[in-house]
Structure formats: C-alpha cells, structure tokens
Amino acid sequence: MKTTIAQKMDKVLEAVLKLDASERHRREMIDIWNKKVLTNADFALLFQIDVRSCYRWRKQKHIVYMKVCGKIYYSWEAVIALMEAKKIIE
C-alpha cells in the first residue's frame, strides 16, 4: 500500500513532537501543521535549526523551496522528502 502525503505528515508530526514535549512547542508545531506551506521561520522551528542553516541547506540543494516577493516558502512535500532522505521518517 502506498503511503499518502497525509500519512507521511502524521509521521512528521509524531517525530517532531517526540523531540520536545513542552506545551508551547506543541502549540507552535500544531500551528505550523495547519499551514499549506511553511515560511523560512516555520521551517527553522520545525527542524530546530537557525535560519542560517536553512539558507545553507537551500544552497546545498537539500531542500526545494519557492521564493515569492523575496520571501522563502517550503512545501510539505519538500519537507517530507528531506525528512525521508535524512531518515527522520520512513
């Protein structure tokens, strides 16, 4: 059976929520979860990295992104692909 995007997104949420059990962090993750695309700040929060690391990952072509009016966005499909490549989720 082929895994759907929704099922993969559920795995992403489970993996992220295991990293940090604080209530504030959980609320932020759920807010991010409800978005269609992630901003650079959302992406950094999701991976718990600095925005400079986001820039480095983009330049090293680890993640596919869109740039609209100077602002960086990531699709959930790109995030899931990155997590699968890094073996964060299966």
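Listed by first and then second residue, the pairs linking a residue in the stretch 21-43 that is surrounded by fewer than 14 Cβ atoms within 10 Å (Cβ to Cβ) to a residue that is modelled with pLDDT of 80 or more and among the polar types (S, T, N, Q), with Cβ atoms under 9 Å apart and 6 or more places separating them unless they lie on different chains, are LYS36/SER75. Filtered by the rule that a residue be more than 11 Å from the chain's Cα centre (by Cα) and in a helix (DSSP H, G or I), the stretch 39-64 gives VAL51, ARG52, SER53, TYR55, ARG56, TRP57, ARG58, LYS59.
What number of residues within the stretch 44-63 are within 20 Å of ALA6 (Cβ to Cβ) and at pLDDT 95 or above? Counting residues in the stretch 44-63 that are within 20 Å of ALA6 (Cβ to Cβ) and at pLDDT 95 or above gives 0.
The values are calculated or read from the model by the stated rules, or taken from the named source; none is laboratory data. Because the structure is a prediction, the values reported are computed rather than measured. All Cβ positions, even for glycine, are placed from backbone atoms using ideal geometry, and neighbour counts span all protein chains on display.
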